[in-house]
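In what follows, a structure is listed as structure tokens, so that the remarks can point back to it.
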Amino acid sequence: MAEPLPPTRSRIPGSGLAKGLAVTLRTMTKKTVTAQYPEAQPELPPRTRGVIGLFEENCTVCMLCARECPDWCIYIDSHKETVPPAAPGGRERSRNVLDRFAIDFSLCMYCGICIEVCPFDALFWSPEFEYAETDIHELTHERDKLREWMWTVPAPPALDPAAEEPKEIAAARKTADKLAAEQAARAEAAEAEAAQAKAAETESGAAQADPAQADPAQADPAQADPAQADPAQADPAQGDPAQGGQAAAPSEPSAPPGQPSAPPGQPEPPAAPPSGPQEGQS
């Protein structure tokens, strides 16, 4: 058995009209404020759809925005260029180069489809709205004007502090940390090499200043070769005959100059008397 519906509250006829008139009366009693435009610029919400700005560096000429535009108000021209290989033996690559990017704002209905379908974030909404022209043909703005509007695009809202870091920022941060670590390792290696070179220079300078530390033999020959300092220590038998050695025989006097020497085994002749006068002779 179905439950009975709750009783409806009876409405006073004309209550809705009375409420509408009350709102009108409250509005009529408020003081009106006129916006002093253009002296005072209006405060626009952050997501205002004014014009479309182009970030040319991100455009890859994929033509998605022109194909998806329901009004066909985007005009793109480009050409291809051959890029040489990055490494020897590599393959040449071709890339699209943007020649023209124009939007006809006389046809644009500000649907934002081109901005949503752009896979490389090359199009953005700008809050600029003062682009009126006296001629409708001048409402077709080229890429130079679209690039000027790009710098009026407001910054995106801040992320939630508990949100995950975007993948692009995380990849860029990881690359930056890796490069910083490599630079720090190179700096440490350079400092270590400089310290070693400085220590080697210090040791060489100390050796030149004090030769005794570099080569003790040059400073004290007695320590290097005791035989040169004291021949008796090198050969005790020659220095002391009492210890078992033989004394050196005295050397025979050599013949005076001008006289022949005696043959071996025969006595030498007596020496000639002096040729001068002798005592006792007249």
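Counting only residues that are surrounded by fewer than 14 Cβ atoms within 10 Å (Cβ to Cβ), assigned to a helix (DSSP H, G or I) and under 41 Å from the mean Cα position of the chain (by Cα), the stretch 114-146 holds 2 of them. Of the residues making up the stretch 186-213, those that are modelled with pLDDT of 80 or more and charged (D, E, K, R) are Arg186, Glu188, Glu191, Glu193, Lys198, Glu201, Glu203.
Please work out if Trp149 is in contact (Cβ under 8 Å) with a residue 40 or more places away in the chain and either under 29 Å from the mean Cα position of the chain (by Cα) or in a helix (DSSP H, G or I) (or both). It is true that Trp149 is in contact (Cβ under 8 Å) with a residue 40 or more places away in the chain and either under 29 Å from the mean Cα position of the chain (by Cα) or in a helix (DSSP H, G or I) (or both). Among the numbered conditions (1) open to solvent by less than 80 Å² (accessible area, probe 1.4 Å); (2) part of a loop (DSSP other than H, G, I, E, B); (3) among the aliphatic types (A, V, I, L, M), the only one that Leu159 does not meet is (1).
For the stretch 1-112, the strands (runs of 3 or more DSSP E) that sit wholly inside it and include 1 or more residues that are under 30 Å from Thr140 (Cα atoms), open to solvent by 70 Å² or more (accessible area, probe 1.4 Å) and modelled with pLDDT under 95 are 74-83, 93-104.
Is there a residue in the stretch 183-190 that is assigned to a helix (DSSP H, G or I), closer than 22 Å to Asn58 by Cβ and open to solvent by 60 Å² or more (accessible area, probe 1.4 Å)? The answer is no, given that none of the residues of the stretch 183-190 is assigned to a helix (DSSP H, G or I), closer than 22 Å to Asn58 by Cβ and open to solvent by 60 Å² or more (accessible area, probe 1.4 Å).
The values are calculated or read from the model by the stated rules, or taken from the named source; none is laboratory data. For clarity, every value in this text was computed on a predicted model and none was experimentally measured. Cβ atoms come from the backbone with ideal geometry, glycine included; neighbour counts cover every protein chain shown. To get the accessible areas, we keep the full protein, side chains included, count just its heavy atoms, and leave off ligands, DNA and RNA. Shrake-Rupley method; radii C 1.70, N 1.55, O 1.52, S 1.80 Å.
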